[in-house]
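Asker: Below is one structure. I have some questions about it.
The values are calculated or read from the model by the stated rules, or taken from the named source; none is laboratory data. Please read these numbers as outputs of a predicted model, since none were measured by experiment. So basically every Cβ, Gly included, is an ideal-geometry build from the backbone, and we count neighbours across all protein chains shown. In case anyone asks, the SASA skips ligands and DNA or RNA and just uses the protein heavy atoms, side chains included. Shrake-Rupley method; radii C 1.70, N 1.55, O 1.52, S 1.80 Å.
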Amino acid sequence: MASCTASSVRGVPSARNQGTTVPRLQPCRVPGLCATPSLAQNGRLSAQTLRSVPRRSLTVLASSKNGNSAAHTSTPTKFDYDLVIIGAGVGGHGAALHAVSRGLRVAIIEGHDIGGTCVNRGCVPSKALLAAAGQVRKLKDAHHMKALGIQIEGLSYDRATIAGHAQNLAQTIQGNLKRSLVALGVDILVGQGKFSGPHTIKYSLPGRVDVGGSVTGRDIIIATGSVPFVPPGIAIDGKTVFTSDHALRLDWVPDWLAIIGSGYIGLEFSDVYTALGSEVSFIEALPSIMPGFDKEIARTAQRALISARAIDFRTGVIASRVTPGVPGVKPVSIELMDFKTKEVVDELEVDACLVATGRSPYTNGLNLGAVGAATDRRGFVPVNDKMQVTDGAGKPVPHVYCIGDANGKYMLAHAASAQGISAVENIVGRPHVLNHRSVPAACFTHPEVAFVGLTEEAAREEAAAGGWAEAVAVAKTYFKGNSKALAEGESDGLGKLIYRRDTGEILGVHLYGLHAADLIHEFSNALAQRQSVQDLYFNVHAHPTVSEVVEELIRHAKVDGVTDPKLAGQKKDGKVAATASA
């Protein structure tokens, strides 16, 4: 492959995006390229010309004016792209955009839908269903409406229109993501990718001979995401026994729905289905409902999200066998087994069953052996803290990275995007490690639940192991004292801050209440910036807003050495010294 050289590879994307020109080129040997009129203008390559050149016909070597190579450059004619990303979900998309901003030539391989699970079968369409169902729930609450002076009679909803809203939203966001990639000059290669050797990916689609090929990249990021996990013994028919992928289509609203699993996915769908008229039975293997949440927050939220609704639950049992039924004709049969004794203890017959037992990495077929790597026993791709794929000995596999659900570090869409940005930083020689403890999580029920960092239980366990158990402190506040929440008639909620009383270090924050998913970011950003409680004390929040809950929570925290609220503590040698503020 012939090539041109330019004084800055970063000029290429800006030329494509903004119609500017890249710096002066050295003699060009791409057949037919230098004959174009655009290059007659002082040897500069215009954006119009660049758009007309096949992407893989142009290899640009970044070099300084004195001829020395830049910090991170391509070897001429060796690779088709600086970076090839397998998977165009939220993680792959975020990595691609950041890579372009760092001056890399990028291709992204996708065999399904741009946007991946989140946009097409997860976060985005589920929020559309939750938005519609939340309005139905609110309008059905006669007491709530009456308190606001509103009278509503004969409320109804159209299931197909609600389902259409979710699908239309997914298609809109998918289109937006695709256009953003194209606008930045990212090549989208259609197919399922797998390694055929170092730096080389083959891509194709089953049964299709009109798509596919092979491409090389100096660095490669795996961003293949995950699929719903279905335990053994459960038969999925997509109609009466289904996963979240099927539930988002909202084909029907069963009278009685069993949900296996009471984590984020199960809770959100219970919110949707109960609002639309279903009765729900949770089946949870662990001893308590809402596992994974801070226990106090879970108990508080349970009163509104479960106990106050047409929901019952069974804990400590697993669905050992689930047999599909026929809507309106034959019920779904669910065999329940004690989680500890493995004895069958009951059998349920319901109209439908949603399997919400988590997700599995979508990593089969990557052919990791071609680069000296392999998945672990659960199918996750092992990585180090720089997102580099590691081999069986724990050593980094050169030029191969993995982000998002495929590595199993934190299976959330925004975590995947953050990991993608971190991986790109490391690729371009800017060492970066993502602080996963600063990544927030949210459950979009009504009210919402959100958290970042450690639960109180995990914080106390960590403190005991580290010898600072007495330093753990907890501050709390309630939404019932917030003017905005009271004005909206939605004042049920609790805020909880876990911190170190000796240093002011924030260990974890948990919010249950109105707009909790939005409020959590002040704390997630604080954790990312390693800010203490004292650092946040003088933050100003608009009045009246729900964000004042955050302000109250911060001011309820008491740090050793800061006895006067007008004094701001500053950390010094692990201790807090009180200093007067301006």
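Rundown of residues vs (1) over 23 Å from Thr117 (Cβ atoms); (2) buried (at least 18 other Cβ atoms within 10 Å of the Cβ), yes/no style:
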| site | (1), (2) |
| --- | --- |
| Gly261 | no, yes |
| Ile265 | no, yes |
| Val272 | no, yes |
| Ala275 | yes, yes |
| Ser278 | yes, yes |
| Arg309 | yes, no |
| Thr315 | yes, no |
| Ala356 | no, yes |
| Arg359 | no, yes |
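Asker: May I ask you to list the residues in segment 372-385 that are within 26 Å of Arg430 (Cα to Cα) and either surrounded by fewer than 18 Cβ atoms within 10 Å (Cβ to Cβ) or small (Gly, Ala, Ser) (or both)?
Answerer: Scanning segment 372-385 gives Gly372, Ala373, Asn384, Asp385.
Residue by residue, here is whether (1) touching a helix residue (DSSP H, G or I) at 6+ places or on another chain (Cβ under 6 Å); (2) not in a loop (DSSP other than H, G, I, E, B) holds:
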| position | (1), (2) |
| --- | --- |
| Val322 | no, yes |
| Glu335 | no, yes |
| Lys340 | no, no |
| Gly365 | no, no |
| Gly369 | no, yes |
| Ala374 | yes, no |
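Asker: Pick out the one residue from Arg303, Arg299 that is more than 27 Å from the chain's Cα centre (by Cα) and within 14 Å of Tyr512 (Cβ to Cβ).
Answerer: Going through Arg303, Arg299 in turn, just one is more than 27 Å from the chain's Cα centre (by Cα) and within 14 Å of Tyr512 (Cβ to Cβ): Arg303.
Asker: Here is a further query. Looking at (1) aliphatic (A, V, I, L, M); (2) under 24 Å from Glu279 (Cβ atoms); (3) within 29 Å of the chain's Cα centre (by Cα), which one does Leu348 not meet, given that it meets all the others?
Answerer: Of (1) aliphatic (A, V, I, L, M); (2) under 24 Å from Glu279 (Cβ atoms); (3) within 29 Å of the chain's Cα centre (by Cα), only one is false for Leu348: (3).
Asker: State all residues of segment 178-202 that are open to solvent by 20 Å² or more (accessible area, probe 1.4 Å), in contact with a strand residue (DSSP E or B) (Cβ under 8 Å, 6 or more places away or on another chain) and not aliphatic (A, V, I, L, M); if no residue qualifies, say none.
Answerer: Lys178, Asp187, Gln192, Lys194, Ser196, Pro198, His199, Thr200, Lys202
Asker: Which helices (runs of 4 or more DSSP H) sit wholly inside segment 103-178 and have at least 1 residues that are of a type in the set (Val, Ile, Thr) and modelled with pLDDT under 90? Let's see the steps before the verdict.
Answerer: On the way: elements: 116-121, 123-140, 142-147.
Of the helices (runs of 4 or more DSSP H) lying wholly inside segment 103-178, those with at least 1 residues that are of a type in the set (Val, Ile, Thr) and modelled with pLDDT under 90 span 116-121.
Asker: Additional query: Restrict the check to segment 445-453 and report whether at least one residue is over 23 Å from Arg309 (Cα atoms), modelled with pLDDT of 95 or more and of a type in the set (Ser, Thr, Tyr).
Answerer: No, there is no match, as no residue in segment 445-453 is over 23 Å from Arg309 (Cα atoms), modelled with pLDDT of 95 or more and of a type in the set (Ser, Thr, Tyr).
Asker: Select from segment 208-230 the residues that are surrounded by 14 or more Cβ atoms within 10 Å (Cβ to Cβ), more than 23 Å from the chain's Cα centre (by Cα) and part of a loop (DSSP other than H, G, I, E, B) and list them in ascending order.
Answerer: Within segment 208-230, just Gly212 meets the criteria.
Asker: State yes or no: is Thr161 open to solvent by 20 Å² or more (accessible area, probe 1.4 Å), of a type outside the set (A, V, I, L, M) and more than 24 Å from the chain's Cα centre (by Cα)? Spell out the reasoning first.
Answerer: Working: open to solvent by 20 Å² or more (accessible area, probe 1.4 Å): yes; of a type outside the set (A, V, I, L, M): yes; more than 24 Å from the chain's Cα centre (by Cα): yes.
So Thr161 fits the description; yes.
Asker: Across segment 457-513, what is the number of residues that are open to solvent by less than 50 Å² (accessible area, probe 1.4 Å) and either assigned to a loop (DSSP other than H, G, I, E, B) or in contact with a Cys (Cβ under 6 Å, 6 or more places away or on another chain) (or both)?
Answerer: Total meeting the criteria: 8.
Asker: With respect to Phe313, determine if the residue is in contact with a helix residue (DSSP H, G or I) (Cβ under 7 Å, 6 or more places away or on another chain) and in a strand (DSSP E or B).
Answerer: Yes: the conditions hold for Phe313.
Asker: Based on this model, can you work out whether Asp405 counts as under 19 Å from Thr224 (Cβ atoms), in contact with a strand residue (DSSP E or B) (Cβ under 9 Å, 6 or more places away or on another chain), of a type in the set (D, E, K, R) and outside any loop (DSSP other than H, G, I, E, B)?
Answerer: yes
Asker: Shifting gears a bit: Tell me which residues, restricted to segment 231-255, are part of a loop (DSSP other than H, G, I, E, B), open to solvent by less than 40 Å² (accessible area, probe 1.4 Å) and farther than 30 Å from Leu368 by Cα.
Answerer: Gly238, Thr240, Leu248, Leu250, Val253, Pro254
Asker: Right, another one. For a quick check of your reading of the model, give me the residue pairs whose first member lies in segment 291-308 and is more than 14 Å from Pro447 (Cβ to Cβ), whose second is polar (S, T, N, Q) and open to solvent by less than 10 Å² (accessible area, probe 1.4 Å), with beta-carbon atoms closer than 8 Å and at least 6 apart or on different chains.
Answerer: Pro291/Ser262
Asker: Right, another one. Of all residues in segment 124-153, how many are β-branched (Val, Ile, Thr), touching a residue at least 12 places away in the same chain (Cβ under 8 Å) and open to solvent by 50 Å² or more (accessible area, probe 1.4 Å)?
Answerer: Taking segment 124-153 and keeping what is β-branched (Val, Ile, Thr), we get 124, 136, 150, 152.
After this cut, where a residue has to be touching a residue at least 12 places away in the same chain (Cβ under 8 Å) as well, the list is 124, 136, 152.
Still in the list and also open to solvent by 50 Å² or more (accessible area, probe 1.4 Å): 152.
Within segment 124-153, residues that are β-branched (Val, Ile, Thr), touching a residue at least 12 places away in the same chain (Cβ under 8 Å) and open to solvent by 50 Å² or more (accessible area, probe 1.4 Å) number 1.
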